[in-house]
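Visitor: Please find one structure pasted underneath; my questions will follow.
No lab work stands behind these numbers, since they all come straight from the coordinates. In this text, all values refer to a predicted model and were calculated from it rather than measured experimentally. Please note: Cβ atoms are built from the backbone with ideal geometry, for glycine as well, and neighbour counts cover all protein chains shown.
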Amino acid sequence: MPEALRLALAIAAKDVRAELRSRTALLSAVVFAALVLVVFNFARDPTAIAAVDLAPSVLWVTFALAAMVALNRAFTVERENGALDALLLAPVPRGAVFLGKLLANLAFVGTVEAVTLPLFVLFFNVDLGHALPGILGVTALATIGFVAVGTIFSAMAVRTRFAELLLPVLLLPFMVPPLIGAVQVTSRLLADRPLSEMLGWLRLLALYDVVFVTLCTMVFASVVDE
Amino acid sequence: MPSSDGAESPALLEARGLRRSFGGLRVLRGVDLTVRAGEAVVVAGPNGAGKTTLLRLLAGLMRPEAGEVRVLGRPLRGDGEEARRPIGFVSHQSLLYDDLTLAQNLAFTARLYGLPRPADVARAALESAGLAARADDAPRRLSRGLIQRAAIARALLHQPRVLLLDEPFTALDATAAERLREALAGRLAAGLGMVVVTHRLGEVWGLATRVAVLSEGRWACDEPRRGPLETFLPRYLGLVGA
């Protein structure tokens, strides 16, 4: 295994272990996602618009907001007791630190999404059956991109006094492209449309992932070095 | 430090012309420092003199506006992983995760440094720090003094060649302070180089080979330690304008 990957996995495992002990971010994000779904469920008028038409937007707004709660913790855990200094002092390439934090965040956001999806099916009574593999795929594709951007903004925001406020302000504009793409693909999947109608959006999501994962890995050093 | 044949041992840490400002405040105005094997440089100075900033620059945790730091001849700039590897750092914060136990914290450090059998290395380090019984406690459940001992154990875990210490004796009881002095003296004898930032000169005077006083971002003095602390104190007060 390449050394950088081994180090990234060690960092991700540390974050997962710390979160399993505290359970603060994961629990807050899951509860938050459930609350968003409850609010949407009671706010909609089922006679005005079919659940299946509204469902993709609701699903992705819920994923995005819950992800924001989970991402907020990414670097606050490093801020406590100055632990980030120890991480930056270690003989670990900055890119591996970013990759480790990204993997941990993907695990957290993925877990929140995995819990949210069944709740969404329950509240909106949407039959995912045939579309489930596709929805899981597009969820992974969209999540990688915005979590990469969220990880870098979380590192930026943590040095400020208003980290919790700053992260959504920085991140939301960058979430728009993957969210639009994900909503479009999810709508078509639920409507059982052919793959050819989704390819353009899938390419956009893949391109977004490649561009932002690469870019964030490259700029991470200048974000964390004082 | 001169070797037995009279030649100076090679520099472990070399800083040249370090400058750093915060906003309009110039904290360091061109600071040079060389630390050789077996040297313990005690850095003193009034509050706001730039001691902690200097230590963070030496550790590579902060970028200088001008100047350069080299560790074992390697520049600390950018992704200088190999230059960072020989550094051990004790900050005024513990650098430990509150959501991990002490054993998990140290095992994580061992993994970052690529040490074999990280869990065993962590347990052994905690045992020598007198923390074996608290290995499975999170730092938040410990007293300030025990946390400081764990922070020092973390910094020494990978056998650093250069040790940067910011007020290392804070919160330590007399026994723990004496154990730390003995441990540091042993490592100095084995060829470690050390920079200690402190206001409490008495606690490190016996270890010091050089005393440097930082005042207004420059060295007011950098000289070998001579004689007891009592003879240096009046001079120190004069240097910092107290």
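Visitor: Can you tell me the dipole magnitude for the range B:33-182 around its Cα centre, using point charges on the Cβ only (Lys, Arg +1; Asp, Glu -1), in Debye to the nearest 20? Walk me through the numbers before you get to the answer.
Guide: Working: 21 positive and 17 negative charges, 41 e Å.
The dipole of the range B:33-182 has a size of about 200 debye.
Visitor: Any idea what % of Cα-Cα pairs in the range A:34-125 are farther than 19 Å? Show your work: numbers first, answer last.
Guide: Working: 2178 of 4186 pairs.
I get 52 percent for the Cα pairs in the range A:34-125 exceeding 19 Å.
Visitor: Right, another one. How much FRET efficiency would the formula 1/(1 + (r/R0)^6) give for A:T111 and A:E197, where r is the Cβ-Cβ distance and R0 is 45 Å, rounded to 0.05? Before the final figure, lay out each step's value.
Guide: Working: r = 31 Å, r/R0 = 0.68.
Efficiency computed from Cβ-Cβ geometry: 0.90.
Visitor: Take the Cα atoms of chain A, build their convex hull, and give its volume per residue in Å³. Don't skip to the end; give the middle numbers.
Guide: Numbers: hull volume 29.1 nm³, N = 226.
Normalising the Cα hull of chain A by residue number yields 129 Å³.
Visitor: At most 16 other Cβ atoms within 10 Å and a DSSP loop assignment: could you name the trypsin sites (Lys or Arg not before Pro) in the range B:148-206 that fit? Write down the numbers at each step before the final one.
Guide: Values: sites: B:R149, B:R154, B:R161, B:R179, B:R181, B:R187, B:R200; in loops: B:R161, B:R200.
Sparse-neighbourhood loop trypsin sites (Lys or Arg not before Pro): B:R200.
Visitor: Translational D (Stokes-Einstein, µm²/s) of the range A:8-82 at 20 °C and 1.002 mPa s when Rh comes from the Kirkwood sum over C-alpha pairs?
Guide: Working: Rh = 14.3 Å.
Rounded to a whole number, D works out at 150 µm²/s.
Visitor: Specify the angular offset, from 0 to 90 degrees and rounded to the nearest 10, of the alpha carbon long axis of helix B:144-156 from the longest principal axis of the alpha carbons in chain B.
Guide: Once rounded, one gets 80 degrees.
Visitor: First check a/c for the protein assembly as shown, with a ≥ b ≥ c the square roots of the eigenvalues of its C-alpha gyration tensor; if it is under 1.5, answer rounded, and if not, answer prolate when a/b is larger than b/c or oblate otherwise. List each step's numbers first, then the result.
Guide: On the way: a/c = 2.69, a/b = 2.36, b/c = 1.14.
Since a/c reaches 1.5 and a/b is larger than b/c, the shape of the protein assembly as shown is classed as prolate.
Visitor: With the dipole of the range A:3-224 worked out from charges on the C-beta (+1 for Lys and Arg, -1 for Asp and Glu) around the Cα centre, which of A:A74, A:A29, A:F124 lies farthest toward the positive end?
Guide: Final value for the positive-end residue is A:A74.
Visitor: Something else about it: Return the equivalent ellipsoid semi-axes of chain B as a descending list in whole Å, where each equals the square root of 5 times an eigenvalue of the C-alpha gyration tensor. Intermediate results must be reported in sequence, preceding the final value.
Guide: Details: eigenvalues 164, 84, 70 Å².
For chain B, the ellipsoid semi-axes come out as 29, 20, 19 Å.
Visitor: Here's a follow-up. Label B:R19 and A:D127 with points 7 Å out from Cα along Cα→Cβ: what is the distance between them in nm?
Guide: 7.3
Visitor: Quote the charge dipole size of chain A about the Cα centre in Debye, to the nearest 20; the model charges only the Cβ of Lys and Arg (+1) and of Asp and Glu (-1).
Guide: Numbers: 15 positive and 16 negative charges, 57 e Å.
Roughly 280 debye for chain A.
Visitor: So what is the calculated 222 nm ellipticity per residue for the protein assembly as shown, using -39500 (n - 2.57) for each DSSP H run with n of 4 or more, over all residues, to the nearest 500 deg cm²/dmol?
Guide: Values: 16 runs with 266 residues, N = 468.
Helix contribution divided over all residues of the protein assembly as shown: -19000 deg cm²/dmol.
Visitor: Something else: Label A:V61 and A:A13 with points 7 Å out from Cα along Cα→Cβ: what is the distance between them in nm?
Guide: Each label point is offset 7 Å from its Cα along the Cβ direction, giving 4.1 nm.
Visitor: Under a point-charge model restricted to the Cβ atoms of Lys and Arg (+1) and Asp and Glu (-1), what is the dipole moment magnitude of the protein assembly as shown relative to its Cα centre, in debye to the nearest 20? Numbers along the way, then the final one.
Guide: Numbers: 48 positive and 42 negative charges, 163 e Å.
Dipole magnitude for the protein assembly as shown comes out near 780 debye.
Visitor: Can you figure out the FRET efficiency of B:L229 with B:Q159, using R₀ = 30 Å and their beta-carbon distance, to the nearest 0.05?
Guide: Numbers: r = 30 Å, r/R0 = 1.00.
The computed FRET efficiency comes out at 0.50.
Visitor: Hey, got the average number of other protein chain Cβ atoms within 10 angstrom for residues in A:216-225?
Guide: Working: counts 0, 0, 0, 0, 0, 2, 2, 0, 1, 7.
Taking the mean over all residues of the peptide, I get 1.
Visitor: To the nearest Å, what is the center-to-center distance of the range B:148-162 and the range A:125-190, using C-alpha atoms only?
Guide: The range B:148-162 and the range A:125-190 have Cα centres spaced 40 Å from each other.
Visitor: Ok, one more. Which length gain, in nm to one decimal place, applies between A:V52 and A:F162 when the Cα-Cα distance is subtracted from 0.36 nm times their residue separation? Walk me through the intermediate numbers first.
Guide: Values: separation 110, 0.36 × 110 = 39.60 nm, distance 3.82 nm.
Using 0.36 nm per residue and subtracting the Cα-Cα distance, I get 35.8 nm.
Visitor: Oh, and also: Calculate the spin-label point distance for B:R141 paired with B:A174, positioning each point 7 Å from the Cα along the beta-carbon direction, and give it in nanometres.
Guide: So the two model labels end up 3.1 nm from each other.
Visitor: If R0 is 51 Å, what FRET efficiency do you get for B:E127 and A:A206 from their C-beta distance, rounded to 0.05? Walk me through the numbers on the way to the answer.
Guide: On the way: r = 51 Å, r/R0 = 1.00.
E(calc), rounded to 0.05, equals 0.50.
Visitor: Can you give me the span-like helices of chain A, meaning DSSP H runs with 30 Å or more of Cα extent along the axis and Kyte-Doolittle mean at or above -0.5? Could the numbers behind the result be given before it?
Guide: Values: long enough: A:51-79 (42 Å, 1.11); A:94-124 (43 Å, 1.59); A:132-157 (35 Å, 1.84); A:163-190 (37 Å, 1.57); A:199-224 (36 Å, 1.88).
Those that pass (Cα extent of 30 Å or more, hydropathy at least -0.5) are A:51-79, A:94-124, A:132-157, A:163-190, A:199-224.
Visitor: In the range B:78-221, with Lys and Arg counted as +1 and Asp and Glu as -1 at Cβ, which of these residues, B:L131, B:G88, B:L184, has the Cα nearest the positive end of the dipole, that is, farthest along it?
Guide: So the residue we want is B:L184.
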